[in-house]
Structure formats: C-alpha cells, structure tokens
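Values quoted throughout were computed directly from the atomic coordinates according to the rules given, and no laboratory measurement underlies them. These numbers come from a predicted model, not from an experiment. We place every Cβ from the backbone using ideal geometry, glycine too, and count neighbours over all the protein chains shown.
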Amino acid sequence: MLKRKSTFVLMVALLCVASLIASCGPAADPTPTDPDVSDPTPAGPQDIIVALSGSPKALCAWRGTSVGDQSVANLIHFGLLEWDENLVIEPLAAKEILFPDETTIVFELHEGIFFHDGVEMTSADVKYTYDLIRDADFAAQNRGFYTPIKEITTPDDYTVEFHLHEPNAPMLYYMSIGIMPKHIGEEHGEEWMEENAVGIGPYQLVEWVMEERIVIEAFDDCFWGRPAIDSITYRMIPEMATRVIELEAGSVHVIDWVAPEEVERLKDHAEIRLDISPGSGMNYLFANVEKPPLDDLRVRKALAYLFDQEKMVEHILRGQGDYIYGPIIPSSWAYHPDLPKYEFDVERAKELLAEAGYEDGLTLELTFFWEPFREMAEILQYDFAQAGVNLEVKQVNSALWYELSEAGDIELGIQGWRGQTDPDRGVYRQFHSDNRQPAGPNWARYSNPEVDELLDKARAVTDVEERKALYWEIQEIVAEELPWIGYGGADYVLSAHNRSLQNFQYNGWFYFRQLYQAWLE
C-alpha cells in the first residue's frame, strides 16, 4: 500500500486501542508521500484494461461491499485509515489519532484534501459518511460494523470525534471506508451517489455502463500524488475462459480471478505474470433458516453430510486452499481447529432426511451470481442427488441476487467472504440478528440471542485470550446450528496480469488498490 513514515507509531496507537489505555497520547503527524514507485517516466499514454469476473452494484461506502464493487471503489475512495500487507493500521486522510479515554477516538485531518469536484474534504464529510452508514432506516450493508458508535462530533473543520457506547477492540479496522461528499449527497441524494461516485482517491469515475464497463481516470489534484496510469477501463467478463483468452491475446492487461485449473497454463507464460497469495476468506453454502424445509436442523445437517469439502478443495481449488469448517480463517488468531467435521456420508444424510419426513427426497433451489461458483454448484447438484435431494441450480446477475436475498427468496445460496482483518469481520455481520437481510449480509437470516450476546461481548473486551474464547464459542454454536452448511475451503487468491504492467502484484486484501503505484512499461 502507500508507504508512511509513521508505521511504528500507528502500531503503538492500535495497541493503545486494543488495550484501551485511556492515557495514550497522539500518533505522530505523518507527511503524505508519493506512491512507492521508481520514477517510471512512462512513454506515451498509460491506459490499461482490467477484466472483472463480477459486475459492481454500487461504488460507495454504504452499498459497495462485493469484490466487484471494491475492485473499482478502492481507487476512487480513500478513507481515514488504511492497512498494509501485514494488516498494520496506517493513516490516510487522518494525520493524527488521539485516544482521550477508552470510548473516544479523535482524528485530526489533513488540510488540502479535495474531492474530485474540487471541493475540500472536511470533518463534516467524515461525519456525514459515518452517520449515514449507521442510520438504521438507510439499511447500509456495512452498518453492523459501526453500531458501537454512539455519536460523532466535529469541533472544527479538521477534527472529528467518535464517541463509542463502550470499548470496541476492532473499531480502527473499520475506519478505512471511503469518505463521501456531504454537499453532493445533500444536493443529489444518496442513490445518485451510488452510481456517480465522487471521492478523494487517485482516480475519478468518468463512465459506467451497467454490466458492461467502467472507466476511471487519474485525478490530477489527488492529495497523495497523481498516479502514473492515466486511465483504467474495467470490462465485465464473467466467463473464466474468455478472460484468460483475452489476457493471452493482450486485449486486457489484468484479470481479477484465475481458476486453479488455469495455473499450469499460465504460470510459465512468457508475457504473463501469475500472482498467488493467501486468501482472506472462503466460499460457502448457506441456508435460509427461515424458509421451510431449511428451518429444520435435521435437513441442514443432512445437507452438511452431502457437502464434500475434500472434493471442493482438491478438485475446484486444485489443492490451492486449506480445509476449513468454520467462518474464521486458519490464519486468524481466533481460528477454531476442532469444530465438527461433517464427513461426506450419503447414508447418514438419508437417515436425517427420513427423520425430518423426507424419506422420498425433496427439491431445493440453489442460487448464485458469481461465475466461479458454478463448478461448486454442479458438484453439489450431483452429490445431493445421491440422497434424493434434487437441486435446481439458478445463476442470476448481481442485481437480481440482492433483490432476491433482500426479499428472502433464496433457499440455498453460494457466497464468498473476504477481508478478515479481525475475527469480528468474519462473524459479526454474517450471524448477528441485526444484520439479517436487508440490513446486512446475514444471508441465512440466522438469529440466536446467545450468539448475538457473544458477538457483542467479543467486540467490547480487549484481552486477546478472552476474545478468542468468545469466538470459539460462537464458532461452536454456528457449527452445530448450520446456517452455513459447508465451506469450499480457505482459499488462495490467484490473479494474472501482463508483464508490461510494472510495480503491481495483486493481493487478496486490496483487490486493485495497488494499481495506484503501477505503470506500463
């Protein structure tokens, strides 16, 4: 990410929040720096094409949560903070962080940061962004991260104070969302901003043709320096084979996801670089626990015995992944290694279905929108049929997916979850009752008061071992109640780009944020 001179100081600041040391003083005042590049002095126009497997739905802080959204939004919007490849918190729009007490975080902002329309960003814009995302009536997808905030105050144009209901260990990790312009929201409305993104980042939106392409161009007055690449065109190419062919032909510079079966084909290609990095999440099968017959735990357990994770990891991921049986990834300090393992067992599945009254089988609908989920869906369709479960597979576009999920019309669904910077990020929005659709990505519509209480408590305590014990208990309950029926493995991220693109390596944490530092040879 963008290099800063105050990494150590921000690490100390983060530890102060994690330990809730009320007397911790301010972080140092970092000086904004140019991207970490070696003066590429590019010859000619710097225009690149990126092929996306999934189409964005929105490019704003409150709606844009998918991989497709973030792949574009990360270059349009910058926030108060960011984190580097080692998940160390670093300042961005904030120049100082102070912790006057255990429930207050104060950010001093840089002066001279401008939105793409030329208006300076102030504390009012920060307050506007976080107030809107916390508004229960607005139903922002990320709202669950910010419910610990009680009030936001702005003593002056460059100071913003976050007052929390209680101490919150992971809060700083959620301060990276893009700052939205208050003046545009008040003039045009929030819905307008979802499709007409205006941020403070290094690129500005110039064209968006839904399900087809998005074009962004370098922002000359970016506070952190103008990027070397003049424009980036994102093309929506959901078919894996087509993306690879276009990359080989040189008609696109980068593809955002490479299927494991394409690794051998690309890894020794003279003009293509293949990037493989540990992933930050997993793919999973969820059940709408409010919708019969999936409201019956016996049915969900039967399906769990039909979910062959070995086949998912070895066949779909080609071994480029880890076995996983819970929602917190193996690289996390809160990972639970001893959760129940529902080994593939057709006879046990039949027994459970018969107990639930489905000895003659049943029909269920499986919905997904991202093309890479297709192979997983086909395997499930075949395996489920062995126990008399007829799986009707339906692929929809992303817009219809959200419409169906918000209406509660998805029975079984395949989804992915990335970006686990803190274990809270792996379970809070996914399983807390307050985040059931349409309020958040609790796609399963799962609700358990005990889990809610544990999730809330795990946010408020600061001792790592105590938090770990709480997250273990949460994982144990979820593994027993099975709103998520099976996991496609904790994956690795595979991407590929033309070697003419310099100083760029795709990373599963940041999507295409690193393009800010890149240039064409």
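Annotations for the structure displayed:
- Rounded to 5, percent antiparallel among DSSP beta bridges of the chain: 75 percent
- Fully extending the segment from residue 464 to residue 351 would add 36.5 nm, taking 0.36 nm per residue of separation and subtracting the current Cα-Cα distance.
- A straight Cα-to-Cα reach below 28 Å connects residue 95 with the lysines 3, 5, 127, 150, 182, residues fewer than 8 places away in its own chain not being considered.
- Between segment 400-433 and segment 321-346, the alpha-carbon center distance in angstrom: 18 Å
- Acute angle (nearest 10 degrees) that the helix 374-385 long axis makes with the longest principal axis of the chain, alpha-carbon atoms: 20 degrees
- Whole-Hz ³J(HN,Hα) from phi, Karplus 6.51 cos²θ - 1.76 cosθ + 1.60, for segment 148-162, glycine and proline x: x, 7, 8, 7, 10, 10, 10, x, 8, 5, 10, 9, 9, 10, 9
- Using alpha-carbon coordinates, inclination of helix 464-481 to the longest axis of the chain, degrees: 40 degrees
- Pairs of lysines in segment 280-491 whose Cα atoms sit within less than 15 Å of one another amount to 4, provided the residues are eight or more positions apart or on different chains.
- Debye equation applied to the C-alpha atoms of the chain, log10 I(q)/I(0) at 0.13 Å⁻¹: -1.36
- Nearest 10 degrees, 0 to 90: helix 398-407 Cα axis against the chain principal axis: 70 degrees
- DSSP bridge orientation in segment 280-491 - percent antiparallel, rounded to nearest 5: 55 percent
- Inter-label distance for residue 409 and residue 268, nm, one decimal - labels placed 7 Å from Cα along Cα-to-Cβ: 5.0 nm
- Alpha-carbon centroids, segment 265-292 and segment 154-202: separation in whole Å: 30 Å
- The length gained by stretching the chain between residue 450 and residue 343 to full extension, at 0.36 nm per residue less their Cα-Cα distance, is 35.8 nm.
- By the helix-only formula, in which each DSSP H run with n ≥ 4 contributes -39500 (n - 2.57) and the sum is divided by residues, the chain has a 222 nm mean residue ellipticity of -8000 deg cm²/dmol.
- Model label points for residue 153 and residue 211, set 7 angstrom from Cα along the Cα-to-Cβ axis, are 5.0 nm apart.
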